[in-house]
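This report concerns only the one structure given below.
The values are calculated or read from the model by the stated rules, or taken from the named source; none is laboratory data. Since the structure is predicted, the reported quantities are computational estimates derived from the model, not experimental observations. Cβ coordinates were reconstructed from backbone atoms using ideal geometry, including for glycine residues, and neighbour counts include every protein chain displayed. Ligands, DNA and RNA are stripped out before the accessible areas are found, and what is left, the full protein with its side chains, is counted by its heavy atoms. Shrake-Rupley method; radii C 1.70, N 1.55, O 1.52, S 1.80 Å.
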Amino acid sequence: MTSLTDLTLADARDGLRAKKFSAAELARAHVDAMIAARPLNAFITETPVIAKAMADESDKRIARGDARPLEGLPLAIKDLFCTKGVRTTAASHILEPFVPTYESTVTQKLWDAGAVMLGKVNLDEFAMGSSNETSYFGPVENPWRKPGDNRSRVPGGSSGGSAAAVSARFALAATGTDTGGSIRQPAAFCGIVGIKPTYGRCSRWGIVAFASSLDQAGPMTRTVKDAAIMLRSMCGFDPKDSTSVDMAVPDFEKALTGNIKGLKVGIPEEYRIDGMPKEIESIWTKGAEWLKAAGAILKPVKLPLTKYALPTYYIVAPAECSSNLARYDGVRFGLREKGEDLTAMYEGTRGAGFGREVRRRILIGTYVLSAGYYDAYYLKAQRVRALIAADFANAFKEVDVLLAPTAPSSAFARGEKTADPIAMYLNDVFTVPASLAGLPGISVPAGLSADGLPLGLQLIGRAYDEETVLRTAGVLEQAAQFTARPQTWWKQ
Ligand code: GLN
């Protein structure tokens with residue numbers, strides 16, 4: 001039998017119901033794998049005791065014939081989701097001692113569906129980053145390395161711990177959040193699937209806020225089917241989040257028909273950027289050919305404002321973060337430094353509590369929101385954002401889904417872009433436009449680079465049309481036959 005940690009989420013679900021193994025055994029196998037994988041630094045907090053208790057409860061349910069949709073399936077939770085009674089840090093020193101008294105809606109839904117919590121996984125501090133190097137708890141290692149080269153690669157970010165845990169098989173699936181690419185880019189860097197649903201599909205309640213008009217939760221899994229299964233349990237209307245949409249949640253698994261005959265797939269010309277590595281270009285071409293061979297109709301489309309997406313994002317996101325992070329003042333949550341008076345306490349706490357990247361973003365955000373610059377930067381960026389969304393709306397008059405690369409490179413070496421924030425921000429060039437427009441996007445592993453590292457392809461869909469996105473992703477996955485796996489160097 002395949003080892004329990006090698007199963008897909010779907011197979012584990014079916015195996016549990018067929019009583020081939022117990023939820024306790026499945027949890028134990030994942031806890032052991034999680035402990036063996038400590039060198040990757042994927043977890044900030046491990047919760048093996050909770051995992052055992054939840055798995056035992058699942059076994060009782062299964063014995064009673066009362067299994068829920070995710071009964072007994074062990075998951076890793078990005079440490080941005082508040083978990084009642086379990087420390088939630090957002091990978092920041094300022095929240096290091098924070099234990100929430102409430103559960104995020106998304107994680108509550110997962111537990112209500114029977115899932116088992118393995119622990120809280122590492123991320124870039126407050127989800128700001130593309131490499132998981134800004135975490136106060138240290139960087140996460142990508143399980144993938146270039147064959148014959150033992151230098152560390154970044155797992156992508158900000159959901160780097162989630163991507164590493166799923167790729168290296170110590171969680172069946174993980175939750176991620178995506179503000180400008182943080183589900184899709186790490187999925188691409190670690191050779192797994194990650195979907196950011198339409199803004200409003202998943203409740204943001206209880207997720208530590210970065211940029212509220214962009215933040216969306218989504219699943220990270222090893223297959224498209226697993227993503228569909230997870231997404232169904234994560235989505236749904238929540239009156240506690242005023243931006244949550246009141247729409248029925250489809251059975252996403254049923255959307256995976258494998259049939260895309262006549263589907264119109266747009267190839268956005270503007271995504272063919274200068275200096276794009278050949279191998280990214282060729283995997284993109286290959287992806288288009290696979291879809292065509294499956295009966296899709298390819299169409300070049302124009303998204304003329306694409307080049308403004310990155311600068312727009314890096315005004316809107318820091319503006320919202322500077323406002324959201326104002327609440328960390330040493331009074332209500334987490335860290336408090338001593339000071340002679342209130343101002344000194346605020347300054348001491350925020351100075352000690354936030355890392356460099358978070359401070360940079362707060363400064364940029366405060367600047368673009370300040371009286372003299374608000375119109376020139378923030379308001380202008382909001383207008384451009386609306387035009388970018390209109391670009392997509394126009395494209396979707398002609399096509400059903402868009403195909404593009406997920407990231408402009410494979411996983412880079414640790415430290416390679418740390419000194420140059422602009423180089424780091426450029427990594428988000430293909431993911432940020434869909435975020436600004438609030439559209440669903442998925443990354444599917446499509447092949448390996450010349451260096452033997454995973455490359456992802458991205459599909460972007462119409463608002464609330466995750467079904468077409470998933471269906472097309474399923475076809476890409478089928479054609480790509482991505483069976484490569486990271487070496488297990490950390491076990492030696
Ligand atoms: N890399 C982007 C940033 O640094 C996106 C992060 C995210 O999606 N959370 O802002």
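Quick look at the numbers
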item: Largest to smallest accessible area among Met234, Met247 [probe 1.4 Å]; result: Met247, Met234
item: Sparsely packed trypsin sites (Lys or Arg not before Pro) within the range 193-272, loop by DSSP, other Cβ within 10 Å at most 15; result: Lys240, Lys261, Arg272
item: Whole-Hz ³J(HN,Hα) from phi, Karplus 6.51 cos²θ - 1.76 cosθ + 1.60, for the range 363-377, glycine and proline x; result: 5, 4, x, 5, 5, 6, 9, 6, 3, x, 10, 3, 5, 5, 10
item: Inter-site label distance for Asp251 and Thr45 at 7 Å from Cα along Cβ, in nm; result: 3.6
item: Area of Asp238 that stays accessible when all protein chains are in place (1.4 Å probe, Å², to 10); result: 10
item: In Å², nearest 10: area of Val106 left accessible to a 1.4 Å probe; result: 0
item: Model label zone, Gln487; criterion: amide N under 13 Å from point 7 Å along Cα-to-beta-carbon; scope the range 432-460; result: 452-453
item: Protein accessible area in the range 33-141, 1.4 Å probe - carbon and sulfur %; result: 57
item: Gyration tensor verdict on the range 205-282 (Cα atoms; rounded if a/c is under 1.5, prolate if a/b is larger than b/c, oblate otherwise); result: oblate
item: The chain: calculated mean residue ellipticity at 222 nm from DSSP helix runs of at least 4, using -39500 (n - 2.57); result: -11000 deg cm²/dmol
item: Ser370 accessible area, assembled protein chains, probe 1.4 Å, Å²; result: 40
item: Cut-off under 5 Å, modelled amide H: who pairs with Thr45 long-range; result: Lys120
item: In order through the range 194-207: 3J(HN,Hα) via Karplus (6.51 cos²θ - 1.76 cosθ + 1.60), integer Hz, x for Gly, Pro; result: x, 10, 9, x, 4, 4, x, 5, 9, 5, 8, 5, x, 9
item: Ordering of 44-53, 8-17 by packing [mean C-beta count within 10 Å, highest first]; result: 8-17, 44-53
item: Ranked order, Asp178, Asp112 - accessible area, probe 1.4 Å, largest first; result: Asp112, Asp178
item: Separation between Cα centres of the range 380-402 and the range 6-30, rounded to whole Å; result: 43
item: Loop-located trypsin sites (Lys or Arg not before Pro) in the range 99-192, at most 15 other Cβ atoms within 10 Å (DSSP); result: Arg151
item: Separation of the Glu270 and Ala63 label points, Cα + 7 Å toward Cβ, nm; result: 6.0
item: Förster radius 51 Å - calculated FRET efficiency between Val99 and Leu379, Cβ distance, rounded to 0.05; result: 0.85
item: Calculated FRET value between Glu337 and Glu398, using beta carbons and R₀ = 56 Å, to 0.05; result: 0.50
item: Entries in Lys78/Lys109; Lys84/Lys196; Lys292/Lys397; Lys78/Lys225; Lys196/Lys292; Lys225/Lys299 that, when Cα-Cα distance is taken, lie over 18 Å; result: Lys84/Lys196; Lys292/Lys397; Lys78/Lys225; Lys196/Lys292; Lys225/Lys299
item: Cα lying deepest toward the dipole's positive end in the chain, options Gln458, Leu118, Thr472, charges on Cβ; result: Thr472
item: Long-range HN-HN contacts of Ile297 with modeled amide H, under 5 Å; result: Gly262, Leu263, Lys264, Val265
item: Rounded to whole Hz, the Karplus (6.51, -1.76, 1.60) HN-Hα couplings of the range 6-21, x for glycine and proline; result: 8, 5, 6, 4, 5, 5, 5, 4, 5, x, 5, 5, 7, 6, 6, 7
item: Gyration tensor verdict on the chain (Cα atoms; rounded if a/c is under 1.5, prolate if a/b is larger than b/c, oblate otherwise); result: rounded
item: Residue-normalised accessible area of the chain, expressed per residue, 1.4 Å probe, Å²; result: 37
item: Estimated FRET transfer efficiency (Lys146, Ala423; beta-carbon r; R0 30 Å; 0.05); result: 0.90
item: Greater than 27 Å apart at Cα, pairs in Lys60/Lys120; Lys286/Lys417; Lys19/Lys52; result: Lys286/Lys417
item: Under-5 Å amide H pairs with Gly447, H placed in peptide plane, nonlocal only; result: Leu455
